[in-house]
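The values are calculated or read from the model by the stated rules, or taken from the named source; none is laboratory data. Because the structure is predicted, anything quoted here is derived from the model rather than measured. Because the Cβ atoms are built from the backbone with ideal geometry, glycine has one as well, and the counts that use them run over all protein chains shown. Keep in mind that these areas ignore ligands, DNA and RNA; they rest on the heavy atoms of the full protein, side chains included. Shrake-Rupley method; radii C 1.70, N 1.55, O 1.52, S 1.80 Å.
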Amino acid sequence: DESRRFADWVRELPVIPLLSQVREVVHETARVEVERFLPRLLRTQGTAEAQSVLEDFAQALANKFLHQPTRGARRAAAEGREHEIAAALRDLFFQESEP
């Protein structure tokens, strides 16, 4: 059991720096989007207008985060790796969290 866990840990090592880079990119993108939308939010007079600005912000942020993965997935599929990329997307976005 310990050997299996160690082997799993060793296989995860190459992914860890990439995950750190992804987290940095996501946080930097969020910071830039906050700076972009904050002036609009500060100009709002009522809650309906503020809600609209926040909804626009959320959509823009989601679009920013999904743009590159979408391009990459489409490129991989066009290169004949559609099953591989579909499996990866399911694993990344649709798996239930483990207890």
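Calculate what fraction, in whole %, of the accessible area of the chain sits on carbon and sulfur atoms when a 1.4 Å probe is rolled over the protein chains. Present the calculation step by step, with values, prior to reporting the outcome.
On the way: 4980 of 8550 Å².
Taking all protein chains in place, the chain shows 58 percent carbon and sulfur surface.
Send over the semi-axes of the chain's equivalent ellipsoid, whole angstrom and largest first, taken as the square roots of 5 times the C-alpha gyration tensor eigenvalues. Let's see the in-between values first.
Values: eigenvalues 257, 69, 35 Å².
So the equivalent ellipsoid measures 36, 19, 13 Å along its semi-axes.
Treating only the Cβ atoms of Lys and Arg (+1) and Asp and Glu (-1) as charged, compute the dipole magnitude of the chain about its Cα centre; round to the nearest 20 debye.
Working: 14 positive and 17 negative charges, 86 e Å.
About 420 debye.
Once both axes come from the Cα atoms, what is the angle between helix 15-43 and the longest principal axis of the chain, in degrees from 0 to 90, rounded to 10?
Tilt relative to the chain: about 10 degrees.
Compute the long axis of helix 2-12 from its Cα atoms, compare it with the longest principal axis of the Cα atoms of the chain, and write down the angle in degrees, 0 to 90, nearest 10.
Compared with the principal axis, the helix lies near 50 degrees.
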